[in-house]
Amino acid sequence: MDALKQQPEAPGHENAIDRFSELIGRATSWLTLAMVVVTFVVVLFRYVFDAGQIWLQESVTWMHAVVFMLGAAYTLKHEEHVRVDIFYRRASSRRRAWVDLLGVVLFLWPLCGFIAWSSLGFIETSWSLGEASRESGGLPYPMLPLLKTVLVLMPLTLAVQGLSLLLKSLKTIRAH
């Protein structure tokens, strides 16, 4: 088991961040149940009643997107993200902490900044146009602008969870 996971819970900023990511992740996970229920309803309407609701079909796609985007920080918190594990697995806890620290500073934060910055115009345009679904009977305003706003929330929550990982890494480095 990873040394970072073995450390006892201690008061600090990283624990508040972890609790926040846990709350967002658990709340977001309920959307997976909603997706199953809505998909069932869509299939029921289509094959039993020979009817369809475009907005219901679109909502499944949008819920799926929100689960992935807002679940990213939760995934990082639980170290379930994709990692190139060539050397990391066999490294000492101190070396892992250095890899995590450098990964946050050199890769995670710049990527989060890029995603947030490049999404702002896209989101602003969506809100200013009062964007709604292109499909007749699709999701009404403000559903699409709200979804596009998640494009900024995802890198923000991920960057904040990265701060928790950085603080834990510093604690591990200083302990050795």
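If a residue has to be in a loop (DSSP other than H, G, I, E, B) and either touching a helix residue (DSSP H, G or I) at 6+ places or on another chain (Cβ under 7 Å) or within 18 Å of Leu158 (Cβ to Cβ) (or both) to count, how many in region 92-105 make the cut?
Result for region 92-105: 0.
Among the numbered criteria (1) touching a helix residue (DSSP H, G or I) at 6+ places or on another chain (Cβ under 8 Å); (2) surrounded by fewer than 18 Cβ atoms within 10 Å (Cβ to Cβ); (3) small (Gly, Ala, Ser); (4) free of Cβ contacts under 8 Å to residues at least 60 places away in the same chain, which single criterion is violated by Ser128?
Single failed check for Ser128: (1).
Going residue by residue through region 74-85, is there one that turns out to be more than 20 Å from Ala27 (Cα to Cα) and not β-branched (Val, Ile, Thr)? So that I can check it myself, show each step before the final result.
Within region 74-85, the first condition is being more than 20 Å from Ala27 (Cα to Cα), and the residues that meet it are 82-85.
Still in the list and also not β-branched (Val, Ile, Thr): 83, 85.
Yes: region 74-85 contains one or more residues that are more than 20 Å from Ala27 (Cα to Cα) and not β-branched (Val, Ile, Thr).
Just one of the numbered conditions (1) over 26 Å from Ala27 (Cα atoms); (2) of a type outside the set (D, E, K, R); (3) modelled with pLDDT of 95 or more is not true of Ser119; which one?
(1)
Every residue in region 131-159 that is within 23 Å of the chain's Cα centre (by Cα), more than 28 Å from Ile17 (Cβ to Cβ) and surrounded by 16 or more Cβ atoms within 10 Å (Cβ to Cβ), please. Working first, answer last.
To start, the set of residues in region 131-159 that are within 23 Å of the chain's Cα centre (by Cα) comprises 139, 142-159.
The next check asks that each one be more than 28 Å from Ile17 (Cβ to Cβ); those that pass are 139, 142-144.
Hits for region 131-159 are Leu139, Met143, Leu144.
Do you know which of the residues in region 21-43 that are among the small types (Gly, Ala, Ser) and at pLDDT below 95 is surrounded by the fewest Cβ atoms within 10 Å (Cβ to Cβ)? Please lay out each step first, then the result.
Of the residues in region 21-43, the ones among the small types (Gly, Ala, Ser) are 21, 25, 27, 29, 34.
Okay, now just the ones that are also at pLDDT below 95, so 21, 25, 27, 29.
Details: Ser21: 24, Gly25: 21, Ala27: 11, Ser29: 13.
Selected residue: Ala27.
The values are calculated or read from the model by the stated rules, or taken from the named source; none is laboratory data. Bear in mind that the values here come from a model prediction, so they are computed numbers and not experimental data. Every residue, glycine as well, gets a Cβ built from its backbone with ideal geometry; the counts of neighbours run over all protein chains shown.
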